[in-house]
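**Q** Before we start, here is the structure in question, set down as structure tokens.
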């Protein structure tokens, strides 16, 4: 008790000296109660502080900066019709496919279309809509370019001006005469993506329809999520991560959550059916000696359909495995549509697109049914960065601990050193007493010896 008495009289911890050394009969228990209450309140507040820290909270900060040379995104355009109906019988050399169209049996119409497409894919026969017949005119930035000059030599990489006239302007032909009866909608799916990722138009993108002029205004947004444990995201380097992204073997395809989900589906398909889906790649670096599913093998097709159904229902647990990347670029899209072309502009557009003006009514109907105009552009050259940061780090934790102890007990880091000194002195005193007790016992034993 003497050691604690000495400590209480010299410590910098407020109230303890009065609780131990006060000569007043009522002041001593009062100060002891105050010190005890302060210790309880400090302990409670410290537990709440520690609880908040362990929850790993974050704050979101948004900043905007100007980029005079904005990188233009990659634009993917897909016709809503999977392949041209005129080629179904023209290039078919399979009795299986022909019989399937005549007598589908237990297959749905969509199954027959999918099987036919896969068959042609296996034969390396192109039955989809061709780019030459789809893109009628195009323009990027300063001047018009026909399709033949546009694709091989013109790289849509950077733009220095915002607005519809400074973006990518396309006039497209839907070719409804080539549509299958199973294709219920006419138009194009347009997907906008960063240059280092892969597009999945079947899951992403906007739909534009014929007879319209569609403006797609873009705003670039850079997302930066705090790595675990603060948020659920995947932090990857530029090195390929085949466990999460089988498309990493394709040039310029970084990890995305959608690429991860497709990889998850493909791995399950290979495990259950022993083949790869023709809609995606089958890298030999991962699936050595694994071939694509045979379109004429109904067992493999049924197996693939079952796995795909499980994937779409979320039974493969791909959603929980595939988290968003910690660093990501997305595009906010503003869509506006008008009728195109106007009635007075139809004669001019007919000449520009090569129509015979002798049959005006037929040409007008053809334009309304098949042609559309779309402009893809930046609304401004500002880049918005949305960044999440830890809102409770070690510095704040130590500050809150010091604040609570200082408020309720007058406790500081030097006070903690005083308590450590007290523990050290108490340990030395206890060790000394034990040593003296042992010596006394030995001496007493020697005195009573023979």
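Quick note: the coordinates plus some simple rules give every number you see, no bench work behind them. All figures in this text were calculated on a predicted structure; none of them were measured in a lab. When we count neighbours, we look across all protein chains shown, and the Cβ atoms used for this are built from the backbone with ideal geometry, even at glycine.
**Q** If you stretched the chain out fully between residue 195 and residue 343, how much longer would it get, using 0.36 nm times the residue separation minus the C-alpha to C-alpha distance? The partial results should precede the final answer.
**A** Values: separation 148, 0.36 × 148 = 53.28 nm, distance 3.86 nm.
Here the answer is 49.4 nm.
**Q** Say a paramagnetic label sat at a point 7 Å from the Cα of residue 209, along Cα to Cβ; which residues of region 161-180 have their backbone N under 18 Å from it?
**A** 172-177, 179-180, by backbone N distance to the label point.
**Q** Another question, then. What ranking of 340, 26, 117 emerges when the number of other C-beta atoms within 10 Å of each C-beta is taken as an exposure proxy, fewest first? Walk me through the numbers before you get to the answer.
**A** Numbers: 340 20, 26 8, 117 17.
Fewest to most other Cβ atoms nearby, the residues stand as 26, 117, 340.
**Q** Let me make sure I get this right: for region 64-388, a, b and c are the square roots of the gyration tensor eigenvalues over alpha carbons, sorted descending. Under 1.5 in a/c it's rounded, otherwise prolate if a/b > b/c, else oblate. Which is it?
**A** Oblate.
**Q** For residue 130 and residue 86, calculate 0.36 nm times their separation in residues minus their Cα-Cα distance, and state this gained length in nm to one decimal.
**A** Values: separation 44, 0.36 × 44 = 15.84 nm, distance 1.32 nm.
This chain segment gains 14.5 nm when fully extended.
**Q** Can you order the peptides 48-57, 373-382, 408-417, 193-202 by their average number of other Cβ atoms within 10 Å per residue, highest first?
**A** Ranked from most to least packed, the peptides come out as 373-382, 193-202, 408-417, 48-57.
**Q** How much of the DSSP bridge set in region 64-388 is antiparallel, in percent, rounded to the nearest 5?
**A** 75 percent
**Q** Using the 10 angstrom Cβ neighbour count as an exposure proxy, how do 126, 435 rank, fewest first? All intermediate terms of the calculation are to be shown ahead of the outcome.
**A** Details: 126 13, 435 10.
With the fewest neighbours first, 126, 435 line up as 435, 126.
**Q** A further question on this structure: I want to check the label-to-label distance for residue 399 and residue 62. Put each point 7 Å from Cα in the C-beta direction and report it in nm to one decimal.
**A** Result for the modelled spin labels: 2.5 nm.
**Q** Under a plain spin-label model, where a point goes 7 Å from the Cα along Cα-to-Cβ, how far apart in nm are residue 306 and residue 335?
**A** For the pair residue 306/residue 335, the computed spacing is 3.7 nm.
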